[in-house]
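First the structure, then my questions, so here it is.
The values are calculated or read from the model by the stated rules, or taken from the named source; none is laboratory data. Since the structure is predicted, the reported quantities are computational estimates derived from the model, not experimental observations. Reconstructed Cβ throughout: ideal geometry from the backbone, glycine too, with neighbour counts over all protein chains shown.
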Amino acid sequence: MNKYDSELISGILRCGNFDIIDDIEKADAVLINTCAVREHAENRALSNIRQLKNLKKRRPEVILGVLGCMSKYLGSKIIKDNPFVDIVLGPDSYRKLPEILKDKKRCEDIFTREYENYSDIFPLKKKGVCAWVAISRGCNEDCSYCVVPYTRGRERSRSVKSITDEIKRLLDEGFKEVTLLGQNVNSYNYQDVDFPGLLEKVSEIEGLKRVRFATSHPMNLSDGLVDVMKERKNICPHLHLPVQSGSNKILKTMRRNYTKEKYINLVEKAKSKIKDLTITTDIISGFPGETENDHRLTVDLVKKVKFDSGFTFKYSPREKTDAYKYGDDVPENVKIERLEEISEILREISLKKNREWIGKITEIMIEGKSRKSDSKVFGRTDGFKKVILRQNNFSIGTFVNVLTTDATSHTLFGKVVESKET
Ligand code: 5AD
Ligand code: SF4
């Protein structure tokens, strides 16, 4: 979502006749977009900001801006601690940027009352074949650990037309796949069109090869969604379904509104209907009050569900959340031990599941050059598995059938057995 926001900000600047350049030394303004979901993200952003102090000393005319969720979360503290920063804008104030930059004035605008959805702004993207498209902003859930409802405000859904128009324009620019984004896509609702309804409309757009979406909250994952995923060929069989914990006691204090049993049931039902469905997840370890027994329940759940992959996070206390008041009672070393145990189990399961693909043929779309070597390209299966090809004679956006020859916990390796249309 933050990367999409950076594209939105670039789109807003382009409309204001600014050029976006990569070379910081030549820039008239340097803007840092930030996240506040965990302290780690905040520390990284703060260290990036501190590094700009020298630039400002050398070139005092450069305007430095801090944007995004951390601006809202830390507010005036950013300029107080870093007086060389000129602009601090929260996630709903980006439209003001061109004016502020033209006027070259210092500005802090963190508490706008207007919640934005930037529906009329076309994000400025790097060329490619995969694009993100936000379908909603903000979040109406009330997870006790999460700062997003505070930083991004109440959920508001974009109109169906603004979403489909943006996708059609992306297709004109050569994109072939979109990932619909929302903090909780399943609660999308615009004039009685719900998320399955939106997915149906999006999947009908001519020329759109693949549709993905994230994130799904288990609480409102409906039968309707599973049915649409099953029916529509271009909707990818992948659910990113954060479980957060396998302990009902912890899920309750996290205010996730489902139990472990309900989660398992949802996954089993979806898997029984959708062939080769990939399930990925997020897990927090060391939430306040998490005992060794709660942790074991999470381990059991991970083994039972056999996630294709998962992100694991150490609980990070965030002010302005209810969990902040519960204290942070799991010692750091215990949090790390638990996180490492879960990560290791996730890795083992991923490896086992990925190795099951060896000897099988699957379709991938080529997405780009491999990061490690120019002589290789990578693509993804519809289930979001990354596949590396030791060949580079395929252009980006081509669909090919690939025989998987090897696998690690992260990646499949394969060779093309049939090239298809682009
Ligand atoms: N501490 C640790 N992880 C968190 N997440 C959200 N808030 C916190 C927090 N305070 C994780 C959740 C969520 C993902 C995007 O970030 O797992 O699904
Ligand atoms: Fe945060 Fe929960 Fe909303 Fe996700 S669903 S953004 S974890 S409040």
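So which residues in the stretch 134-148 are over 15 Å from the mean Cα position of the chain (by Cα) and either at positive phi or more than 7 Å from ligand 2 (Cβ to nearest atom) (or both)?
Of everything in the stretch 134-148, those that are over 15 Å from the mean Cα position of the chain (by Cα) and either at positive phi or more than 7 Å from ligand 2 (Cβ to nearest atom) (or both) turn out to be 140, 144, 145, 147.
Give the residue that is surrounded by the most Cβ atoms within 10 Å (Cβ to Cβ), with candidates limited to residues of the stretch 41-85 that are away from ligand 2 (no atom under 16 Å from the Cβ) and under 21 Å from residue 313 (Cα atoms).
45
For the stretch 210-237, name all the residues that are closer than 19 Å to residue 132 by Cα and more than 16 Å from ligand 1 (Cβ to nearest atom).
Within the stretch 210-237, 210, 211, 212, 229, 234, 235, 236, 237 meet the criteria.
Quick one: would you say residue 291 is away from ligand 1 (no atom under 14 Å from the Cβ) and more than 30 Å from residue 381 (Cα to Cα)?
For residue 291, the condition - away from ligand 1 (no atom under 14 Å from the Cβ) and more than 30 Å from residue 381 (Cα to Cα) - is met.
Scan the stretch 138-152 and give yes if some residue there is of a type in the set (Asp, Glu), outside the structural domain of residue 35 (by TED's automatic domain parsing) and without any contact (Cβ under 8 Å) to a residue 60 or more places away in the chain, otherwise no.
Taking every residue of the stretch 138-152 in turn, none turns out to be of a type in the set (Asp, Glu), outside the structural domain of residue 35 (by TED's automatic domain parsing) and without any contact (Cβ under 8 Å) to a residue 60 or more places away in the chain.
Looking at residue 121, is it under 28 Å from residue 382 (Cα atoms), touching a helix residue (DSSP H, G or I) at 6+ places or on another chain (Cβ under 9 Å) and away from ligand 1 (no atom under 16 Å from the Cβ)?
No.
Could you count how many residues in the stretch 165-190 are out of contact with any Asp or Glu (no Cβ under 9 Å at 6 or more places or on another chain), within 13 Å of ligand 2 (Cβ to nearest atom) and either closer than 18 Å to residue 6 by Cβ or among the basic types (Lys, Arg) (or both)?
Here the count works out to 1.
What number of residues within the stretch 377-422 are assigned to a strand (DSSP E or B) and under 19 Å from residue 356 (Cα atoms)?
Matching residues across the stretch 377-422 total 21.
Residue-by-condition table, conditions (1) assigned by TED's automatic domain parsing to the domain that holds residue 279; (2) away from ligand 2 (no atom under 16 Å from the Cβ); (3) among the hydrophobic types (A, V, I, L, M, F, W, C); (4) within 28 Å of residue 264 (Cα to Cα):
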residue	(1), (2), (3), (4)
198	yes, yes, yes, yes
202	yes, yes, yes, no
211	yes, yes, yes, yes
217	yes, no, no, yes
221	yes, no, yes, yes
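Would the stretch 184-192 turn up any residue that is in a loop (DSSP other than H, G, I, E, B) and either within 20 Å of the chain's Cα centre (by Cα) or buried (at least 21 other Cβ atoms within 10 Å of the Cβ) (or both)?
yes
Give 325, 249, 271 a once-over and let me know the one that is in contact (Cβ under 8 Å) with a residue 12 or more places away in the chain and assigned to a helix (DSSP H, G or I).
249
So, residue 162, is that one modelled with pLDDT of 95 or more, within 16 Å of ligand 2 (Cβ to nearest atom) and more than 18 Å from the chain's Cα centre (by Cα) or not?
It is false that residue 162 is modelled with pLDDT of 95 or more, within 16 Å of ligand 2 (Cβ to nearest atom) and more than 18 Å from the chain's Cα centre (by Cα).
Further question on the same structure: Which one of these is of a type in the set (Phe, Trp, Tyr), in contact with a strand residue (DSSP E or B) (Cβ under 9 Å, 6 or more places away or on another chain) and within 19 Å of residue 268 (Cβ to Cβ): 287, 311, 307?
One residue alone meets the criteria, 307.
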